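Report on the structure given below.
The values are calculated or read from the model by the stated rules, or taken from the named source; none is laboratory data. Predicted model, so just to flag it, every value in this text is computed and none were measured. Glycine gets a Cβ as well: all are built from the backbone with ideal geometry, and neighbour counts include every protein chain shown. Calculation scope for accessible area: heavy atoms of the full protein, side chains included, ligands and nucleic acids excluded. Shrake-Rupley method; radii C 1.70, N 1.55, O 1.52, S 1.80 Å.
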Amino acid sequence: MARKEFDSDGDGVVTAEDLKTRFGDDGAKDWDLETFAETLWYKMKYIFDSPEAAEEEKSEEESPEAQEVIPPTDEPVIEGEVDEEEEDFDEDVDDYIDETEVDVDGDDKTDNTSGEPMPEYDEETKKLIQAALEARRNFDEVEKQLKDVESDLSELDRYTKHDYGPKHEFLPLDKQCFEYSEREYIYKLCFYEKVTQRPKAGGGETSLGTWEKWDGPEGNRYGRMLFSSGVQCWNGPKRSAQVEVHCGLDNELLSASEPNRCEYHFTFTSPAVCDLPDDEAVMHDEL
């Protein structure tokens, strides 16, 4: 049954000429789904939804002449069955309109709804959200405290492993770094960590060794530091460094040399190794 809204010549058949008469040049085009949904579909949909079309369709359904005669068939007829292709097409069009937020009325819509703001959460949901946020804050705080404790334990473990002298004279020097500059290189000594060298002309640091131990002679154990396992020399051993520590008013790196290939020697002064009279000796002298 032809739709009378589109059958302009009233011959009972909707042709391309009828559509062109009804919709102009748009009615004679081949449309893809996207373009059809954004243009021609709305013109057709408004015609379907108009009161005149609804009244006309109702009168046609009630007219005996309009009743379609269904020829007998061997297949059972299912009541309410519709054309699957037509149904799928209508669903595709409606889905596309919803997904692409087509502006039917020319208004600048911000969502797929009527433009009203989203409703607020109910009180029970608000309480659940608040409880979840509070639990998250508590978790973050506990996690931060745990990291602080782990950092403190790591520092304590470091202090127990290193020898800071009989009276912890070298403890203030832990992690402190001192530099010495000569013609080609800048040398850096970091107590209980490493010794490095970098070119003055630019470039990265080269490890001359990492902290190993105090290596002074008997009676002067804290007079020399040993750094080992530095970057390996080309066709040679791994770099290593010895740092001679002498009494001085300031903590200062005074010299650097390479007496043997890949073996470095430094001189450092510090008040930490200066001999100071103990309390008993001072009292004995005063008496």
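Worth a mention:
- All of 146, 171 fail the test of being of a type in the set (A, V, I, L, M, F, W, C), open to solvent by 60 Å² or more (accessible area, probe 1.4 Å) and either over 26 Å from residue 252 (Cβ atoms) or in contact with a His (Cβ under 8 Å, 6 or more places away or on another chain) (or both), apart from 146.
- Residues that are modelled with pLDDT of 60 or more, open to solvent by 100 Å² or more (accessible area, probe 1.4 Å) and not β-branched (Val, Ile, Thr) do not occur anywhere in region 99-115.
- Candidates 200, 175, filtered to the one that is modelled with pLDDT under 95, within 40 Å of the chain's Cα centre (by Cα) and closer than 16 Å to residue 268 by Cβ: 175
- The conditions of being touching a Lys or Arg at 6+ places or on another chain (Cβ under 9 Å), among the aliphatic types (A, V, I, L, M), modelled with pLDDT of 95 or more and under 20 Å from residue 163 (Cα atoms) are not met by residue 231.
- Meets criteria (at pLDDT below 95, open to solvent by 50 Å² or more (accessible area, probe 1.4 Å) and more than 35 Å from the chain's Cα centre (by Cα)) for residue 192: no
- Apart from one condition, residue 208 fits all of (1) under 40 Å from the mean Cα position of the chain (by Cα); (2) surrounded by fewer than 17 Cβ atoms within 10 Å (Cβ to Cβ); the exception is (2).
- Here residue 185 fulfils each of the conditions (1) open to solvent by 40 Å² or more (accessible area, probe 1.4 Å); (2) closer than 30 Å to residue 275 by Cβ; (3) touching a residue at least 40 places away in the same chain (Cβ under 8 Å) apart from (2).
- Criterion applied to 251, 235 was being touching a residue at least 40 places away in the same chain (Cβ under 8 Å), open to solvent by 40 Å² or more (accessible area, probe 1.4 Å) and polar (S, T, N, Q), and the one residue passing it is 251.
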